[in-house]
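For reference, the structure is listed below as structure tokens.
Nothing in this text is a laboratory measurement; each read-out follows from the coordinates by a stated rule. Computed from a predicted model, the values in this text were never measured in an experiment. Cβ sites come from the backbone with ideal geometry, for glycine too, and all protein chains shown count toward neighbours.
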Amino acid sequence: MKNILVVNSSLSGDNGNSNKLTTKLVTRLKDEYKAVNVVERDLNTMVLPHLSMEEMVAWGTEKSTRTSAQAALATLSDTFIAELQQADALIIGMPMYNFGVPSTFKAWIDRVARAGITFKYTETGPQGLLSNKKVYVLAARGGKYVGTPKDSQSQYLKDVLSFIGLVDIEFVYVEGLAMGNESVESAWSFAEQELDRLTA
Ligand SMILES: Cc1cc2nc3c(=O)[nH]c(=O)nc-3n(C[C@H](O)[C@H](O)[C@H](O)COP(=O)(O)O)c2cc1C
């Protein structure tokens with residue numbers, strides 16, 4: 001493993017529980033693989049608008065014929081996809097907000113799921129065009145939802161990541177963080193064990 005892309009989106013920045021989990025995993029992977037290059041994309045520190053039709057038209061316009069406004073619009077998606085293509089491993093810090101993914105993360109997904117680049121449709125259905133990447137989803141939640149129908153967040157992530165070819169996904173949860181000290185302690189202890197299991 002040489003290149004790691006970390007995508008964080010906690011509103012709390014480095015104080016976010018999901019950020020803390022990503023830091024713990026990056027530290028372990030650095031110990032394991034030594035010379036790794038880590039790129040962090042913190043969606044909380046940038047202005048990331050909803051995807052617009054103008055932006056999609058810019059993607060579909062041949063690079064050499066894009067206006068300067070279109071070139072600027074297309075840069076966001078081009079940059080996010082290049083970061084993803086270059087990574088051997090993707091680490092996603094994943095807060096649960098209102099039962100879903102942070103809206104900034106959805107805005108990132110809307111820029112990396114791009115027809116002809118990260119997926120295509122065939123006669124037998126969609127085919128993801130990214131491959132050979134390990135994905136770690138490090139999820140932080142106030143309540144406890146793993147294994148219940150209310151955990152639509154995990155299913156959504158499996159669906160959308162596999163749609164673009166990212167099928168090798170490990171989930172680590174730190175759950176029940178709003179349920180008292182004992183719950184917080186056991187959640188972190190369980191998460192640490194999971195991180196140990198996933199790294200050498
Ligand atoms: C706006 C907002 C919405 C939240 N919605 C949920 C929720 O639907 N379910 C839940 O279990 N926790 C919810 N929480 C609690 C967070 O999941 C919890 O604080 C977690 O630590 C967030 O990750 P972070 O610390 O990395 O930001 C919410 C927190 C915020 C700020």
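Rounded to the nearest 20 debye, the dipole size of the range 1-45 about its Cα centre is 160 debye, using +1 on the Cβ of Lys and Arg and -1 on the Cβ of Asp and Glu.
Projecting label points 7 angstrom from Cα along Cα→Cβ for A71 and V38 puts them 3.5 nm apart. Classification of the range 10-104 by its C-alpha gyration tensor yields an oblate form. The axis ratio a/c (a ≥ b ≥ c) is 1.5 or more, and b/c is at least a/b. Hydrophobic, long helices, defined as DSSP H runs whose alpha-carbon span along the helix axis is 20 Å or greater and whose mean Kyte-Doolittle value is at least -1.0, occur in the chain at 68-86, 181-198. Placing unit charges on the Cβ atoms only, positive for Lys and Arg and negative for Asp and Glu, gives the range 3-198 a dipole magnitude near 200 debye about its Cα centre. When each of I4, I169 is scored by the number of other beta-carbon atoms lying within 10 Å, the sequence from fewest to most is I169, I4. Among the lysines, select those whose C-alpha is under 16 Å from the C-alpha of K158, and discard any that sit fewer than 8 residues away in the same chain. Candidates past the 8-residue exclusion: K106, K133, K134, K150. Shown here for the range 14-99: chymotrypsin sites (Phe, Trp or Tyr not before Pro) in loop regions (DSSP other than H, G, I, E, B) with at most 14 other Cβ atoms within 10 Å, namely F99. Mind checking which of V101, A115, G125 is farthest towards the positive end of the range 89-145's charge dipole, using Cβ charges of +1 (Lys, Arg) and -1 (Asp, Glu) about the Cα centre? Towards the positive end, the residue furthest out is V101. Farthest towards the positive end of the charge dipole of the range 3-198, among the residues N19, Q193, N8, is the Cα of N8, using unit charges on the Cβ of Lys, Arg, Asp and Glu. Where the centre of each part is set by its Cα atoms, how far does the range 103-131 sit from the range 1-60, in angstrom? If we compute the Cα centre of each part, the gap is 18 Å.
Shown here for the range 1-86: trypsin sites (Lys or Arg not before Pro) in loop regions (DSSP other than H, G, I, E, B) with at most 12 other Cβ atoms within 10 Å, namely K2, K34. Remark: the Cα gyration tensor places the chain in the prolate category, a/c being 1.5 or greater and a/b exceeding b/c.
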